[in-house]
Amino acid sequence: MKKLWNIFFLGIFFLNLCWNQDVSSLTVSFWNVENLFDMVDDPEKNDNEFSIGGKKNVTQEIYALKLVHSAEVLADLDADILGICEVENRFMMEELNKAFIGRNYKIIHYDSPDRRGIDCALFYDESKFIVLESKQIKNILSSGKPTRDIVYVKGQFGGEILHVFVNHWPSNYGGREQAVPKRAETARFVREIVEKILNEDTKAEILLMGDFNEGPNEQNIQYLAKDILINLMVPFTGKKGVGTYVYRGQDSLLDQFIASSGLLDDQGLKIEDNAVSILDLPKYRQQRGKYQHYPFRFWAGEKLLGGYSDHLAISVEINLIQ
């Protein structure tokens, strides 16, 4: 009899856990972590500046500070799913996961052919999101030069299928004139993949996230979204002092969520109005000096600022329609 009572109370305990856990909404975030590198010089990557003996003069203390500050951002986000870019390898995803004690994330990561070795990756809480499939999508430009792969994840939340893409499009490094055509190729490539999913299921619930290196009103993002996707960052455009990145004193929204119409209807999963937010706390911006209001970055060239990142993180709440 005592054994039966123990089983009964154990069952009640686990039911309470389920009742107390919020299973009606999913928090999805994205963050460019700004060069989360290990301290080992990989001869196959252009990563020596972050290694011991490199020109940034990285020490164990500096490495530890980067992890501590990155984990602080993860704590403020407290996301169920977190897309990441500018991480060097899986080891650094594991290091960041250990540094953030709030959750024990599962990791999806693939090594991309980027010359600096920076990758896209994904953290997810398996108690909220069940991964059914993941793969790296090779983004091979017509020039043959390597760029970051796109991470694709198909998963389930509340019995509904969610397609997630983590992006880091070619930057303006080397000049904008050269970069815009690269992003145009990437936009066409990503759009073809999204169209294929929508052709199979017009109501498919798709979320693209990432550092697109263009704002919502720029040509390649406009092409990507036209007639098939909705850019969730549009309400933030044109607002003074609002953005995720600052270049030459101008705010921009390089970091974006772009969704299919299936995520905005009243079936399955839904993103409500005003569900997107920017993690824009005072500590994440420089508060004085020439670069006041800029994101408080960790590095400025070879100078250690000891902040967080040159990008602010973004989040969106996705509700389960009961």
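Summary table
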quantity	calculated
Relative contact order of the stretch 207-322, defined on C-alpha pairs under 8 angstrom at six or more residues apart (%)	25 percent
Computed [θ] at 222 nm, deg cm²/dmol, the chain (DSSP H ≥ 4; -39,500 (n - 2.57); rounded to nearest 500)	-8000 deg cm²/dmol
Spatial extent of the stretch 94-137: Rg and Dmax, with the Cα atoms as the point set, Å	12.2, 35
Cα pair count fraction exceeding 19 Å, expressed as % - the stretch 135-246	49 percent
Dipole of the chain [Lys/Arg +1, Asp/Glu -1 at C-beta], most positive-end residue of F50, I321, I137	F50
The stretch 23-140 - percent relative contact order, Cα under 8 Å, separation 6 or more	28 percent
Mean projected area in nm² (Cα convex hull; one quarter of hull surface) for the stretch 63-192	8.8 nm²
Between the stretch 33-99 and the stretch 194-241, the alpha-carbon center distance in angstrom	28 Å
Normalised convex hull volume, the stretch 165-309, alpha-carbon set, Å³ per residue	124 Å³
D280 long-range amide H proximity, modeled H, under 5 Å	none
Unit charges on C-beta of K, R, D, E only; dipole of the chain, Debye	500 debye
Nitroxide proxy distance, nm - points 7 Å out along Cα→Cβ at V242 and D201	3.2 nm
Rel. contact order, % - alpha carbon contacts under 8 angstrom, at least six apart, the stretch 126-222	25 percent
Rounded percent of accessible protein surface that carbon and sulfur make up, the chain, 1.4 Å probe	52 percent
Net charge over other residues, Cβ less than 13 angstrom from the Cβ of L304 (K, R count +1; D, E count -1)	+1
Accessible surface of K98 - all protein chains present, 1.4 Å probe, nearest 10 Å²	140 Å²
Helical segments meeting 15 Å axial Cα length and Kyte-Doolittle 0.0 threshold in the chain (DSSP H)	2-20, 60-77
For the stretch 126-132, 3J(HN,Hα) per residue [Karplus equation, 6.51 cos²θ - 1.76 cosθ + 1.60, θ = phi - 60°, Hz, x = Gly/Pro]	5, 6, 10, 10, 9, 7, 9
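The values are calculated or read from the model by the stated rules, or taken from the named source; none is laboratory data. Nothing here was measured: the structure is a model prediction, and the numbers come from that model. All Cβ positions, even for glycine, are placed from backbone atoms using ideal geometry, and neighbour counts span all protein chains on display. Heavy atoms of the whole protein, side chains included, go into the accessibility calculation; ligands, DNA and RNA do not. Shrake-Rupley method; radii C 1.70, N 1.55, O 1.52, S 1.80 Å.
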